[in-house]
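Read-outs throughout are calculated quantities, based only on the coordinates presented, and are distinct from any laboratory measurement. This is a predicted model, so every value here is computed, not measured. Every residue, glycine among them, receives a Cβ derived from its backbone with ideal geometry; neighbour counts consider all protein chains shown.
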Amino acid sequence: MTAILLETKRVAKPWGRRQLWPGFADPAPAEEPVGEIWFAAPDGADAPLLVKYLFTSERLSVQVHPDDAAARAAGYPRGKDEAWVVLAAEPDSTIALGTLRPLTQDELRAAALDGSIEQLLDWKPVKAGDVIYSPAGTVHAIGAGITLVEVQQNVDLTYRLYDYGRPRELHLEAAVAVADARLFEVPPVPGEIAPGRVLLAEGPKFVLERWSGGARELAITANTPAWLVPLASEGSFDGLAWRAGECVEVHGPGWVEASGDADLLVAYPGDRRV
């Protein structure tokens, strides 16, 4: 069994915020707002999943990610399914998932070029506790006023369709080619699968759970990595201490000891729960 605390990378973004989540220091007045916090292995090793926090003060670009086949054809190791666990949201916060009606490639391209894509997206209201698994190919945009944890396949590959007139690069043809522009239905959170253990998402590329405090075994195989993301309080995994604002990557089974008020996300690759 191997367990390591991942390194923290703070990413400044113009759409970021100055008030972050407990466990993270807010940026100083002279610093740029923080939009993302990434967790990476100290040795830079490639892993199948990546964990981030996002803090938004504006809408993010309308974008889409390719699946494994399309990504590999473009020279990348994998595509990008992702899931979001909303930690906090303003009353009017939304996330766009899919389009209100099916769009052909020509319709999607034209809507991105003239800006009407904003009105064609399905902007869904979100609140703390919501969980969304977004498969590759889903046209989406994260709205303003949201704090969330994103678990994704580990690849830095995003195709922007539309960015509200901001002077950033778009990837229109690549995005249109991989987009599945249709209505997206968010499945309900499956619910508790064991005392103190809630299944949040069971997608084709990874499983995501939420654990409360206490002691329980993480029964993964020696060849299966898992990520522990403490949202609140502290605990340990086979003696390695962790606290809110950190992320632990583990390889092999072990015991999670969490304080009574702990709140812990657990993610692992695959399409079946452990």
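Given Cβ point charges of +1 (Lys, Arg) and -1 (Asp, Glu) and nothing else, what value in debye, to the nearest 20, does the dipole of the stretch 64-193 about its Cα centre take?
Details: 11 positive and 20 negative charges, 29 e Å.
Using Cβ point charges on Lys, Arg, Asp and Glu, the stretch 64-193 gives about 140 debye.
What angle, in degrees between 0 and 90 and rounded to the nearest 10, separates the Cα long axis of helix 105-114 from the longest principal axis of the Cα atoms of the chain?
Tilt of helix 105-114: around 80 degrees.
Give the aspartates and glutamates whose C-alpha is closer than 15 Å to that of residue 52, dropping any in the same chain fewer than 8 places away, or say none.
The qualifying aspartates and glutamates are 7, 36, 81, 82, 150, 156, 246, 249.
How high is the FRET efficiency between residue 24 and residue 101 when r is their beta carbon distance and R₀ equals 30 Å, given to the nearest 0.05?
Details: r = 40 Å, r/R0 = 1.33.
So the FRET efficiency works out to roughly 0.15.
Roughly what percent of Cα-Cα pairs across the stretch 8-178 reach past 29 Å?
Values: 2690 of 14535 pairs.
Percentage above 29 Å: 19.
Can you give me the long-range amide H partners of residue 247? Hydrogens built in the peptide plane at 1.01 Å from N, cutoff under 5 Å, separation of 5 or more residues or another chain.
For residue 247, the qualifying residues are 6.
Counting only Cα, what are the radius of gyration and maximum Cα-Cα distance Dmax of the stretch 191-269, in Å?
Cα-based Rg and Dmax for the stretch 191-269 come out at 11.5, 32 Å.
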